[in-house]
Amino acid sequence: MDTEPRFFETNGPGTGGVVGQPLNRVDGYDKVTGKAKYSAEFPLQGLVYGVLKGSEIAKGKIQSIDTTAAMKEPGVLAVLTHQNLPKLAKTPNDQEGKKAIGAPMGFLPLTSDVVHYAGQPVALVVADTFERATHAASLVRVQYAVEKPLASYQDPKAEIFNPEKVQDDKTKGYTRRGDAQAALASAPVKHSATYTHAINHHNPMEPGSTTAIWESADRLTVYESTQGITRTQKSLATMLGLPQEQVRVVTKYLGGGFGCKGSSWPHTVLTVQAAKAVNRPVKLVLTRQQMFTGMGHREDQTQTLQIGATKEGKLLALVHEKTSTTSPWDNYAEPNSRIINLLYDCPTFESSYQLARANVMTSTFTRAPGEAPGSFAIECSMDDLAYQLGIDPLEIRLRNYAEKDPTNGKPWSSKSLKQCYARGAELFGWNKRNPKAGDTRDGRYLIGMGMATASYPVHNSQGTARVRLYADGHAVVQSGATDLGTGTYTVMTQVAADALGLAPDKVRFELGDSRLPTAPNSGGSVAAGTVSSSVYVAAQEVWQKLKKLAIADKKSPLYRAKVEDVIVEKNRMVLKANKQKGEDFAALMKRNEMSDIEGTGNGKYGAGYESGLAPGPADSGHQDDKGGHSMHSFGAHFCEVHVDAELGTVRVTRWVSVHGAGRILNAKTARSQIIGGNIFGIGAALMEETFRDPNFARYTNASLGEYHIPVNADIPEMTVEFIEEHDPYINAMGVKGIGEISMVGVAAAVANAVFHATGKRVRDLPITPDKVMGVLSV
Amino acid sequence: MNNFSYTTATTAKEATGVRKDSAQAAFIAGGTTLLDLMKLNVEQHPQLVDINMVPFKGISETADGLRIGALERMSDVGENQLVVQQYPAISEALLLSASPQLRNMASIGGNLLQRTRCTYFRDTAFPCNKRNPGSGCPAQTGDNRGLAILGGSTACIATNPGDMAVAMVALDAVVTLENSKGKQRRVPLLDFHLLPGTTPQRETILEADELIVAVTVPAAAHARKSHYVKVRDRASYAFALVSAAVGLDVQGGQIQSARIAMGSVGTKPWRALEAEKMLVGKPATEASFRAAAAAAVRGAAPREHNRFKVEMAQKTIVRALQEITA
Ligand SMILES: Cc1cc2nc3c(=O)[nH]c(=O)nc-3n(C[C@H](O)[C@H](O)[C@H](O)COP(=O)(O)OP(=O)(O)OC[C@H]3O[C@@H](n4cnc5c(N)ncnc54)[C@H](O)[C@@H]3O)c2cc1C
Ligand code: SF4
C-alpha cells in the first residue's frame, strides 16, 4: 500500500470506475448552446459599462486631463482619473503593498500622474451603454509632458543589472552547483550558443473582464475572468481594506488564461472603484488591444548557454545567462534556469540573470514560465552537441539521463522519461531518420525530423473540497477552483463519481465561487492534482462517517465491526474478510433518517523540489515522503517539418508527444490539453511575436490580425500518448498535471527539425520564413 | 468609434450624390475594411451610404475579356468557373485572401480600396503621415517588416496589402468609375493607385463623388496561363510577406508575352514592366526567370526589417514562373 497512491484503497481502477475514461465534457452542451455564462455575461439589474482609456505615450507625466467633452456625452456617468479615483486602503505601489496584495505588478494606474508604459490606463469612463462609454473614452483629452521612453534591454542606453532574485523573489538571480566555469574550461568538447525569444502574449479567446457589484457599502461581489478566485478575493480585500469574507469572487467559466489570468491586474480593482463611484454595478471588458497591455506577457529575452562535455557526449558543465526586459518597479524574469539545471545529469551548473528596466508593464507567467524558453535553449544546444559529436539526438539524451534529480541528489517520485523516449520514437519512426542534416529532400521541400525533452515541476499547492452525498444517490461536490476550459468540471465529476461509487451523471461538481471551499489558482499545473485529491479525501471523510454510523447502528449488518475491517466497494461498505456482509450507503442513511451527509477534504500537491517542503498531513498522500523526493512530469516530442528550400516557409507535418505525468484523469480532455500546448508551442516556435517599437516603446501589432497564432492549416494531425504512471508521493490521486508540460520543448523540437531539414540553425524565435530563407542562402 | 447615420442607396446616382455633398460620408460595401478602421478611430465618418443594392453585379465574358461588377463578392469571383479557367491568377489571389467569412462579405470594389496594414497607420496613438499628414512616419525606423521596398518615399513606405489587385494589375485590368453626374471613365488599374510621394494620404485617383462600377480584364494567352504565389508567416489567413502574379505565353519553348506583378513589395500593386520585357523572346528557363526577377526588384530601398523582401520577391517570381511552365 505504501507504494501505491491512496486512491487504490477505495474504488480504484479495475473496479469499474470512470477515472481515466474519455468522458465527454460535462459542460460541453452548455458551452456550445451558449447556456454557460462566462464572467462578462451575467445579466444584472442596472448594469453600466466601463471602458478604459490607455496612455498614448510610454513615458512622461500627465499635465492635465480634459474630460469635459466625454462628460457631456449622453449616458456618461463618470470619468475616473488619478484625480478622482476613490481612495484605496492599500496599493501595490510599494513592495510591502505589492506583497500584501499579491499583485503581479508594483504599480497601480490611476493612482499617480506618472506614465510608465504605453497603454497604461489613464482614465476609466462609465456610461449606460458600452458603445457610449467607448465613444466617450475616445473624447478624453490628455496632455502629457512626454519623455523619451526606453523600449527594451536591447536599447544601447539600457542599464543592465544583476538582480538578487527574480520572479517575485522565487528564484535566485545567481545559482551555482559545483565549479561550472572550471569544468567548462577543461572540458574536451565545448559548445556555446545564444538564443533570443520574442515577446509573446497569451491571447486567450476570452479577454479579461470584471463585473463589480457593491451589495452594500462594505460587501462586494465580483464576476471576474480569473484563474484564481481566492487570489483575486485576497487582493481586492487587501486593497479595499475589507475582511476577505466580504468580497465574493465568481468565475464559472473561462475561455482560456495561459497565465495572464493568474493574478489580479489593475482593471479589476479599477472597475470595483468605478462601481463605488457611480453606485451601480459596472462591467468592464478589456479590448483585444488592451489585452496586450493589461495582463502581462512573456518578456523579450536573450539566453546564452555554454556546455562542456566529454567526447562521448556526457555533460560536464552548463553555464547559463539570461538577459531580459522588466518594468520600472519589479524584478520579473521567467526562471529559465530551473529546467536547464534539472533536465540532464551534469555535475556542474551556473546561472545568472540580468535585467534592464524599460517602459513596459511587468511581464508574467506565460504557459510553462521559464521551462518553455529554457527548454528551447538547452534542447537546441543538446541537439547541436549531438551533431557535433556524431551522436543521435535521442542517444545523447539517454547518455545524460538523470537517474536522480541533479539539482539536489534526491530520487524522483516517479520518472517515465525513458519509456516516453522509446514509445515516442516508435510511434514516430525515429529509427528511419536520416542521421545527416540537410540531406533529405522531397521536391522543393527539405524534410527534417527533430525531437526534444519536456519536463515540468510538480508545484507545492493545497486546497479543499466538500462532498455532500444524498440518500437518494446524488451528490454535490464543491471546490472553489476554476476551469480554464481544460476540463476541471469533467474530471472532478469523474473523481467524485468513483470515490462515491456513483455514476457520473449522479454527481454535480460546482466550482468558481469564493463561497465554496478554497482551492488553489489554476496555474502552475496544480489544479487537477490538488482539487482531485481534495475531492477524493472529502469523499473518504464521508465514508469514514458512514462507517462509524453503520458500526453503531444495531440494524446494520456491520454493527460492531471494527472501522479498519470495513472497506468500501462502489457504493457499499462491506467487511474486508467477508464482502457479502455489508450494505449500501442509501439503505443506511434512510434507516437513520438522514437526507444527506457531508465531508470535507484537504488535498496537497507535491512537495515542490525547490523548497523541499515538509510533507502534507496524513490525508495528503505523501505523508511517507518527508520531502525526500523530487517531483516532476517528463515527456518527449517528435516532429517532422517541411521547409521550402527557396522561400523558407516551415510547415509542421507530423507530431508525436508522449508524456509521463502521473494519473491521467480523462483520456480525452488530457489529449486535448496536450494538443493545445503543442499548438501553443508551435505558435511560439514559428510565428508569435509582439513588436515593441524601439522609439515609442509601444506595441505595434496588438491585434489578432497582426499577431499571428497558428490556424488550423498550420497544425497536422497529432499523436498523443501517456505512459501509465503510479506515483505514490505526489498526492492522494497520484496526479501531476499536464497544463504546462505540454508546451515545454515544443519550440526546440520544431527548431531541431528545421535544423535537420536545412543543416542551418535559427536561434531567434519565432522561426519565420525570412530568417530561414536568410540562413539557407548563406 | 463615432456616431454616424446610415442610409441605403439603390442607384449609383443616389450614392454618389451623397458624397458630392459631403466628402466625409463613406460608401459601405462589405464593410470589412471600413468598419475596422472606424472602430480604430482611424476613419471617422458621420454618414455611411450602403451601396450593396446598387446593381454593380455580374461576372461575365465580354467581347474582349472578363467583366466583374464592383459589388460582386470575393468568394463568388474566386470560385467563378470563367475566372478559374481563363484568369487563374485572379481566382488564386482571391482564394488565398483573408478567410472564407471575410470573402463572403467583401466586395471587389472594396477590395481595391482596402487600406494599408502598416501597424502605425492603424493605431492613432502613433504619428503617421498617411493618417495625419505631416505628423511623421515612424515605420521608417520601426516596425517595417511588412512594408514596401519599392515606390516608397521619406513620407511613407506603406504597402498596398491586397492580393487580387496584384493579379489584376499583372493582367492589364481596367477599372470603370462613375461620378455624381453619371459620367463614366475607364482607368488602367496600374494607374488607379498612387505612389505616396509627399501626399501618402492620397491613395487612388478616385474622386470623392466617384464609385467603382466594374473591373474588366482583357482575355489573353498569358492570362489563361497565369498564376499567383503568396508567401506568408502562417499557412492561411495572413497578408502576404511577398506575392507574385505572373502570366506567360510560351510557344515552342520561347516566351511570347509575359506579365509580372508583385504584392506587399511596393507601395502599390507593383507591375514589373522591365522584367516582363526581358522575358519576351527568351527561353522559358530558370536562368531567364532569375534575370527577370532581378530586374523586378532593381532600385529597391529596403529598411531594417524588410531587407529580406528583395530576395524573397525574386524567389517568389521565379517560383511562380516555374510553376506555370512545369
Ligand atoms: C482580418 C482580415 C484579413 C484580411 N486578409 C486579406 C488578405 O489576405 N488579402 C487581401 O487581399 N485582403 C485581405 N483583407 C482585406 C479584405 O479583402 C478587404 O477588407 C475587402 O476586400 C474590402 O471589401 P469590402 O467590400 O468589405 O469593403 P468596405 O470595407 O465596404 O469598403 C472599403 C472602402 O472602399 C470603399 N468602397 C467600397 N466599395 C466601393 C465602390 N464600389 N466604389 C467606391 N468606393 C467603394 C468604401 O467606402 C471604403 O472606403 C483582410 C481583411 C481583414 C479584416
Ligand atoms: S509607412 Fe505610411 S502608413 Fe506607415 S507610418 Fe509611415 S506614413 Fe503612416
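Taking 0.36 nm per residue of sequence separation and removing the Cα-Cα distance, the A:Asp565/A:Lys99 pair yields an extension gain of 162.8 nm. Amide H contacts for B:Val213 (H built 1.01 Å from N in the peptide plane; partners 5 or more residues away or on another chain; cut-off under 5 Å): B:Thr176, B:Leu177, B:Glu178. Paramagnetic label reach from A:Ser595 (point 7 Å along Cα→Cβ; backbone nitrogen cut-off under 19 Å): within region A:458-477, residues A:467-477.
When only Cα pairs under 8 Å and 6 or more residues apart are kept, what is the percent relative contact order across chain A? Could the numbers behind the result be given before it?
Numbers: 2087 pairs, mean separation 133.7, N = 778.
About 17 percent, as a whole number.
Normalised by the number of residues in chain B, what is the relative contact order in percent for Cα pairs under 8 Å and 6+ residues apart? It rounds to 17 percent for chain B. Given 5 Å bins starting at zero, what is the percent of C-alpha pairs of region B:221-325 in each, up to the one with the largest pair distance? Pair shares across the bins are 2, 14, 25, 26, 16, 10, 5, 1, 0. Normalised radius of gyration (Cα atoms, divided by 2.2 N^0.38 Å) for region A:484-575: 1.29. Karplus-based coupling profile of region A:406-411, in residue order and whole Hz: x, 6, 9, x, 7, x, with θ = phi - 60° in 6.51 cos²θ - 1.76 cosθ + 1.60 and x standing for Gly or Pro. Cα centroids of region A:521-586 and region B:59-75: 75 Å apart. Computed over neighbours whose Cβ is under 15 Å from that of A:Asn331, the net charge equals -1, Lys and Arg +1, Asp and Glu -1. Were the residues from A:Arg572 through A:Thr304 laid out at 0.36 nm apart, the gain over their Cα-Cα distance would be 90.5 nm. For region A:158-240, the list of trypsin sites (Lys or Arg not before Pro) that fall in a loop by DSSP and count at most 16 other C-beta atoms within 10 angstrom reads A:Lys170.
When Lys and Arg each count +1 and Asp and Glu each count -1, what net charge do the other residues less than 10 Å away from A:Glu640, Cβ to Cβ, add up to? Kindly include the intermediate steps, with their values, before the conclusion.
Values: positive: A:Arg433, A:Arg651, A:Arg654; negative: none.
Net local charge, A:Glu640 excluded: +3.
Residues A:Ser64, A:Ser455, A:Ser209, A:Ser216 in ascending order of nearby Cβ atoms (within 10 Å, fewest first): A:Ser216, A:Ser64, A:Ser209, A:Ser455. In a shell of Cβ-Cβ distance under 10 Å around A:Met449, excluding A:Met449 itself, what net charge do Lys and Arg (+1) and Asp and Glu (-1) give? Result for the local shell: +2. At R0 = 60 Å, how high is the FRET efficiency between A:Phe42 and A:Ala145 if r is their beta carbon distance? Nearest 0.05 is fine. Plugging the Cβ-Cβ distance into 1/(1 + (r/R0)^6) gives 0.90. Residues whose amide H lies under 5 Å from that of A:Gln167, counting only those 5 or more places away or on a different chain, are A:Tyr332, A:Ala333; hydrogens are built 1.01 Å from N in the peptide plane.
Between B:Gln85 and B:Arg202, the simple label model (points 7 Å from Cα in the Cβ direction) yields a spacing of 4.4 nm.
In terms of other Cβ atoms within 10 Å, B:Thr141, A:Thr490, B:Thr267 run from fewest to most in the order B:Thr141, A:Thr490, B:Thr267. In this simple spin-label model, placing a label point 7 Å from the Cα along the Cα-to-Cβ direction at both A:Val476 and B:Thr10 gives a separation of 6.0 nm. Shown in residue order for region A:679-694 are the 3J(HN,Hα) couplings computed by the Karplus curve 6.51 cos²θ - 1.76 cosθ + 1.60 at θ = phi - 60°: 5, 4, x, 5, x, 4, 6, 10, 8, 7, 6, 9, 9, 9, 4, x Hz (x for Gly and Pro). Here is the list for region B:244-323: GluC sites (Glu not before Pro) lying in DSSP coil, each with at most 14 other C-beta atoms within 10 angstrom of its C-beta, are B:Glu304. Express in whole angstrom the spacing between the alpha-carbon centres of region B:80-130 and region A:19-81. That distance is 31 Å.
For chain B, compute Rh as the Kirkwood radius over C-alpha pairs and then the Stokes-Einstein diffusion coefficient at 37 °C and 0.692 mPa s; write the answer in µm²/s, rounded to an integer. Please list the in-between numbers first.
Numbers: Rh = 20.0 Å.
Once the numbers are plugged in, D ends up at 164 µm²/s.
Within 10 Å of each Cβ in peptide B:135-145, how many partner chain Cβ atoms are there on average? Round it to a whole number, please.
Numbers: counts 0, 0, 0, 6, 2, 0, 3, 9, 9, 1, 6.
Mean shielding count: 3.
Measuring r between the beta carbons of B:Gln101 and A:Gln246 and using R0 = 60 Å, the FRET efficiency lands at 0.85.
Antiparallel beta bridges, as assigned by DSSP with both residues in region A:280-410, represent about 50 percent of the total such bridges. Specify the inter-centroid distance of region B:239-302 and region A:463-485, based on alpha-carbon positions, in whole Å. Each part reduced to its Cα centre gives a spacing of 67 Å. Report, to the nearest 10°, how far helix B:286-296 tilts away from the longest principal axis of the Cα atoms in chain B, using its own Cα long axis and a range of 0 to 90°. Around 40 degrees separate the two axes. Two decimals is fine: what's Rg over Rh for region B:152-278, C-alpha atoms, Kirkwood radius as Rh? For region B:152-278, the value is 1.01. Extent along the principal axes, Cα only, for chain A: 85, 74, 49 Å, with the longest axis given first. For chymotrypsin sites (Phe, Trp or Tyr not before Pro), the sites in region B:1-100 that DSSP calls loop and that have at most 16 other Cβ atoms within 10 Å are B:Phe4. Take the Cα of A:Gln154, step 7 Å toward its Cβ, do the same at B:Thr154, and the gap between the two points is 2.7 nm. Using the Cβ-Cβ distance between A:Lys418 and A:Ala185 with R0 set to 30 Å, the FRET efficiency from 1/(1 + (r/R0)^6) comes to roughly 0.40.
Readers should treat all values here as calculations from the given coordinates under stated rules, not as data from a laboratory. Treat the numbers as computed from the prediction; the structure is a model and nothing was measured. All Cβ positions, even for glycine, are placed from backbone atoms using ideal geometry, and neighbour counts span all protein chains on display.
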